[in-house]
1. With 30 Å as the limit, write out which pairs from LYS215/LYS496; LYS610/LYS779; LYS545/LYS774 have Cα-Cα distances beyond it, or answer none.
2. Rounded to the nearest 0.05, what FRET efficiency do ILE1009 and LYS722 give with R0 = 51 Å and r taken as the Cβ-Cβ distance? Could you check?
3. If you take the alpha carbon radius of gyration of the stretch 878-1014 and divide it by 2.2 N^0.38 Å, what ratio comes out, to two decimals?
4. Taking the Cα centroid of the stretch 854-893 and of the stretch 657-686, what is the distance between the two, rounded to the nearest whole Å?
5. If the limit is 31 Å between Cα atoms, which of LYS808/LYS1071; LYS602/LYS623; LYS884/LYS931 go over it?
6. Evaluate the distance, in nm, between pseudo-label points positioned 7 Å from the Cα of LEU1054 and of SER674 along their respective Cα→Cβ axes.
7. Calculated FRET efficiency, GLU662 and ARG755, Cβ-Cβ r, R0 51 Å, to nearest 0.05?
8. Sorting check: for 376-386, 878-888, 415-425, which peptide has the highest mean count of neighbouring beta carbons within 10 Å, and how do the rest follow?
Amino acid sequence: MANNSYSGVKNSTSTANHDGDFGCSLKDLRSLMELRGAEAIGKIRESYGDVQGLCTRLKTSPVDGLSGQPADIDKRKEVFGQNLIPPKKPKTFLQLVWEALQDVTLIILEVAAIVSLGLSFYRPPDAEREHCGSAAGGVEDDGEAEAGWIEGAAILLSVVCVVLVTAFNDWSKEKQFRGLQSRIEQEQKFAVVRGGQVIQIPVAEIVVGDVAQIKYGDLLPSDGILIQGNDLKIDESSLTGESDHVKKTLDRDPMLLSGTHVMEGSGKMLVTAVGENSQTGIIFALLGASEDDEDDEEEKEAKKKEKKEKKEKRKQDGAAENRKKAKAADGAAMEMQPLNSDEVDTEEKRKSNLKEKKEKSVLQGKLTKLAVQIGKAGLVMSAITVIILVVLFVVDTFWVQGLPWHKDCTPIYVQFFVKFFIIGVTVLVVAVPEGLPLAVTISLAYSVKKMMKDNNLVRHLDACETMGNATAICSDKTGTLTMNRMTVVQAYVADKHYRNVPEPQLLPAAIMDILVLGISVNSAYTTNIMSPEKEGGLPRQVGNKTECALLGFANDLKRDYQAVRNEIPEEKLYKVYTFNSCRKSMSTVLKNADGSFRMFSKGASEILLKKCSKLLTASGETKVFRPRDREDMVKKVIEPMASEGLRTICLAYRDFPVSEGEPDWDQENDILTSLTCVCVVGIEDPVRPEVPDAIKKCQRAGITVRMVTGDNINTARAIATKCGILQPGDEFLCMEGKEFNRRIRNEKGEIEQERIDKIWPKLRVLARSSPTDKHTLVKGIIDSTVLEQRQVVAVTGDGTNDGPALKKADVGFAMGIAGTDVAKEASDIILTDDNFSSIVKAVMWGRNVYDSISKFLQFQLTVNVVAVIVAFTGACITQDSPLKAVQMLWVNLIMDTFASLALATEPPTESLLLRKPYGRNKPLISRTMMKNILGHGVYQLIIIFTLLFVGEQIFDIDSGRYAPLHSPPSEHYTIIFNTFVLLQLFNEINARKIHGERNVFDGIFNNLIFCSIVFGTFIIQIVIVQWGGKPFSCVGLSIDQWLWCTFLGFSSLLWGQLISSIPTKSLRFLKSAGHGTQRQEIPDEELEDMEDMEEIDHAERELRRGQILWFRGLNRIQTQMDVVSAFQSGSSFQERQLRRQPSTSSQQQHDIRVVNAFRSSLSPYEGLEKPESRSSIHNFMTHPEFRIEDLEPSIPLIDDTDAEDDAPTKRNSASPRNATPTPPSPSLEPTPSPNQNNNAVESGNNHLYVEGNKAAGTPSAPGSPLHSLETSL
């Protein structure tokens, strides 16, 4: 790998590096960063002496960092590169145009138009003319015959319009995503030491030689070497595929790599490689992400073959070149190879299983299904139209008129057939609602933009729409419901309970000294209290808020914690046990001058008091602290504090005398016992003032809010009551994590869904919960079948340990301020102000998206139904469609594209929160909407047909029916076209309301886009009618005729009032449409055959073409036709898979996976727009591999597959087979093995997605016509 992997990433400046500039070159640092463990330490010693020596060579100080001089920073960027990985080039406008042209219906239209164009230039000899039948009649004079080409040209022109509009939409969408992407990147900052000060700088500004502070929850932005660390554990699964956390120490493994996550501890690192030279950058270069976009499937196939051949060669050559690459944490050599094809397969599958957890978004499932149904109907109608036209023509010409087939007449007949074909295709074009996906895209993009202003940074587009369906929110307490500004308000010190912070003179000096020393050293040195930003404001709290409260307590006691820290800098701390969710405490060991040790501890009071055996009294002496004393203390001190909503923290210490020698620090349980309790403090975190109101809104909107917190149950209950989650007199459950676990597990310690189902509907507060409990609860609610609606769950989280729950939830909210990088990575939406009321705004926007789509559907379907029926019946009766091809295209383009813009950008109103969530199975088209669609459809058809058959008498003009080929446009048909368009325009205003409201003008001026579009369309319509002439088959109309057309259009508003007067209940025959598919609808054998299908069909990967939605439908129609053969091929495919599987899995055991997570984030912004893709938007970011085992080793585990990869099939399923998780072996300690998760990976491969729209979803081959269908418009 050393030889071949770096071509193309070599920094051009590296050749010019002299040791004179810096003591080591880019090349030296890169070769150093390839080593691991003992090898790396050996290399550092041999080349630089130690890390200090390397700092000197890089002209930096391990204590003060870089000077921060701009000249020095620029020099370093020039020599060692910037911390950026260049993103992929965006598609050019021309490429987007080319992609839009791939649309099948457009291609058919183009071909038909070209044929029609060619034939229009053929003129049979006049003498022969009458042999060709009356339809070809000699009406035309020369001028008209010359104009025969115009229709073909006009169709081509309108196709060009459609393509340009589509391409422009895609282009602007892509631009928006790029903007969002760069915004997210700018928001990512990292703490570095410059000039002795800790400052936060954007990740892109980090340079080689910087000293960075790393802490729990960080995602490392560059490669580096550890300078000093406390209990540091890193999750390197994104690079190595090993899910065990790697311990990093100066003497065993100091190498830190970019793209990995800090799962525990803290420390400082010296940055040694950035951007393209870091491990992440090198892998990006390997995958070709920096240079080219390998979209083409065939290319991929070819590449895979090449890789296979290379791999064979590589095996023959021996793996010598790989030897350098990696060392495991235990020092055994591991080889990392460039991706070979088998790894690609397993990695791809594994990645897709990890990130495709969530089902397809509800709305898209319903829309796809609906679009399929409409597409089928349109296809049938257009086919029938063509057949009827051809049969009528043939019967009329050759049988009624009894004419023989003349050779000279053939082009004329062909011209007729082409014209019929064009009419058929036009019917299809109008029937298929390709505006639907566009409306979804516009609505989502618009919402995302506006949601930013409401402090919601949306990372995955579909999350915004899923949020509208949310039925449950599981929220953290600290920071979300409360202000996350903590202060100590009560204390129990020296045998006395102080209701307010005691005055310093009331406390004995000995106790004060121990207390302040313990608070100062036993907290992260990154936590500080800074002077207020404004005069007279509150002091700023930086870092962990609980620690800030304790430091503030030290300040209130008139002591300076900073002086203590200056005396005992971080380097002098002998050992630190950092806080994590298992320990629920933090301890720091100091070595005294006489060789004895003193350890300070702080943690949750009921946990730490159990480990105390002594208590410090007022005299400064210790007295024995028995279990009975502890119970007294809990009753008299802790419970009263907790019932006032305070968090209780215990501070303690322990001395290790010299006589006992140095203890074994790794035996944590022996170390953390026999403590001496110094004091217990009550910390207040006030409820945010706007939260009770927001929770009331949620409850009114049918959303249950549950609080899941790590706090004491009394504190949690008090805060839940203040927030309004618990109402006095309600019978709801509050329970602790232990009790919850006891109730949901059977005798063997396995979780049972039925048991969870008994608890969750009433559960409102889960206290002292571990991250595992949170994940179990979310999974239990999602998998539950107790209620007929499948619950849609939103979860908020800020810590690294919230990752599994955030990923599992339908929508994960991470905290923008308090949240760790890991939490943000696992989330769908980032709350930039950490405020619960922003979640309510997200619900509003989500519901608004849903309503916007419904409004557009109501409008769109009315247009489609009327246009199709008019074209169809008109063609059958008068042998020519009353609406010409170009007119239909105009109606289609304008009504679809413009209307989707107008209706999809309606701003949300508070009234959206007054109704219950729609739920996953509620149809898109409600019965009220169906009433509107049918009512308006019937009304418009009556008007159009009246005009068609008796219009010439009403207006006293010539009839336009039965006009021969190429005859000039008639006033009659122009009036029909004009009235049709104006009816649609006024109906667009009707479509603004979908729940049967009377006032359709309500709030219309709040939406300027809507007003300008309606007005603009009207102006263009005037231009087309008056000056469109032959291409649009229009003749100028008089003022009278215009007034009549406008009046007829306006009458649809009056008719709308009439329709809304009819109660929907009385119309029992109305059916709703556009349901999501339930799993039960799919027969078992079909499921089995689908099990092994690829999960992501390639068109979906390309989902940035919104319009694909309905084309996937067309694809499925075709698939349904040969469903049987598909099943056969499916089952044979399955057998092949089964035969192949053992070899793959055994291969997997030996292979070490390299670039696992990077494939998912190849394109920085793609993760945003694909509903399926859960990949990151950051360049560096990859998903940490969450292992629930690591978080809670003491509880029997949920079985691997459930934790890692819950098959979406389990959701929605009523069958008990799926409701119960597979029993695990109840092992208490996870055995660390490198392939711990392989079984999860294997079992993950056979899971299936039951999407709302997969009818018999065999993925189409890249070359097939279906594939081009899918990648179209």
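1. Going by Cα-Cα distance, LYS215/LYS496; LYS610/LYS779 fall outside the 30 Å limit.
2. Once rounded, the FRET efficiency stands at 0.75.
3. The reported ratio for this selection is 1.31.
4. If we compute the Cα centre of each part, the gap is 79 Å.
5. With Cα atoms farther than 31 Å apart: LYS808/LYS1071.
6. Taking the two extended label points, one gets 9.7 nm.
7. Computed FRET efficiency for GLU662 and ARG755 comes out at 0.60.
8. Going by the mean number of other Cβ atoms within 10 Å, highest first, we get 878-888, 415-425, 376-386.
We did not get these values from a lab; they are worked out from the coordinates using the rules stated. As the structure is a prediction and not an experimental result, all values here were calculated from the model. No Cβ is skipped: glycine too gets one built from the backbone with ideal geometry, and neighbour counts run over all protein chains shown.
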